[in-house]
Structure formats: structure tokens, C-alpha cells
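Quick one: the structure is below, and I'll ask about it shortly.
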Amino acid sequence: MDERTVILNELAQGLRPIGRGVEWFEALPAQGQFEVLRDLSGHCIQARATVEDGPESVQIAGIRPTHTPAVLITRGQLAGQLTKIINLPQDERVKAFRLLVALLGVADKRRRERFCADGCTHAWHQLAAEADTERDSSAAI
């Protein structure tokens, strides 16, 4: 896994505080932010996120249900809505980031409970132990 994937999964799993994740995201150039949102979208699809995960994700993200990303995530045809979310204007990107991190967290938690409860070899499910060790030696987000 590359560093970005590790960071996004740690954020989604609550292993890194979302506030620090937002600071990291805001410090990225516009193209970097787009790439992060694109990657998050792909991770959400891989985790089998559903439209039904939308309301919980909006609540966890701490954005209002009337914010554009929140409205889109609950409209159906998730893949199409994710495409719209990652292409929102710059002033919507932090809300989109918070929402997609939350969506990944909700979907991955469900997938972990259903399919990985007895253990698995998914590298992104082994981050808790690694994060403890790395946080002791790194000041990265």
C-alpha cells in the first residue's frame, strides 16, 4: 500500500484524527486534492459502500444534510454520485473529503464485521498495530 492509501484507511478507521486529516488534505495542491478524492471514491467502491450508507456517513462526517456532497451521496446510483462528488468545485472539497472518509469507514466496518471477523489478510485491516508503532516514530499527519 502506498502512503496515501495508508493515511486514508487510518482516517476511515479512526486511527488518525479527522481534523489532522483535513489539515493534510487542505495543504495539498488542487490536483493532489482531486487525486485523494478519486482514490477515496475507489476505496469506497471496493469496500462495497451503498446509498444506504449515506445518511450515517453524513452524520459521522459532521456536515449538514443540505450540503452538496451530502445530497449527492443519498440520491442513488452511488458510482455516478461519487463521480459528481469528486468533481465538485474547490469550495466543496473539504466537505467531500470528510464525507468520503466517513463513507469508507462505514462501508469498511460493515465489510470487516461480515467477512473479516475471523481474521483476514487485507493489509488495510492490519493498520492498527502498525499505526501504534509508526506514530511513535513519525510526526506525519
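Computed from the coordinates by the stated procedures, all read-outs in this text should not be read as laboratory data. These numbers come from a predicted model, not from an experiment. As a convention, Cβ positions derive from the backbone with ideal geometry for all residues, glycine included, and neighbour counts pool all protein chains shown.
Sort 60-67, 3-10 by packing, meaning the average of other beta carbons within 10 Å per residue, with the highest value first.
Result, highest mean first: 3-10, 60-67.
If you don't mind, there's one more thing I want to ask. Show me the ranking of peptides 33-41, 71-79 by mean Cβ neighbours inside 10 Å, starting with the highest.
Highest to lowest by the protection proxy: 33-41, 71-79.
At q = 0.18, 0.20, 0.21 Å⁻¹, what log₁₀ I(q)/I(0) does a Debye calculation on the Cα points of segment 9-55 give, no solvent, two decimals?
-0.66, -0.79, -0.85
Once you have a ≥ b ≥ c as the square roots of the Cα gyration tensor eigenvalues for segment 12-94, tell me rounded if a/c is under 1.5, and otherwise prolate or oblate according to whether a/b is larger than b/c.
It comes out rounded by the Cα gyration axes.
Moving on. In whole Hz and in residue order, list the ³J(HN,Hα) couplings for segment 18-34 that follow from phi through the Karplus curve 6.51 cos²θ - 1.76 cosθ + 1.60, θ = phi - 60°; x for Gly and Pro.
4, x, 5, x, 5, 4, 4, 4, 5, 6, 6, x, 3, 5, x, 4, 4
Further, regarding this structure: Grab the other residues whose beta carbon is less than 13 angstrom from that of Ala27, score K and R as +1, D and E as -1, and report the net.
Here the count lands on 0.
Another question, if that's okay. So how strong a dipole does segment 11-99 carry about its Cα centre when Lys and Arg Cβ are +1 and Asp and Glu Cβ are -1, to the nearest 20 debye?
60 debye
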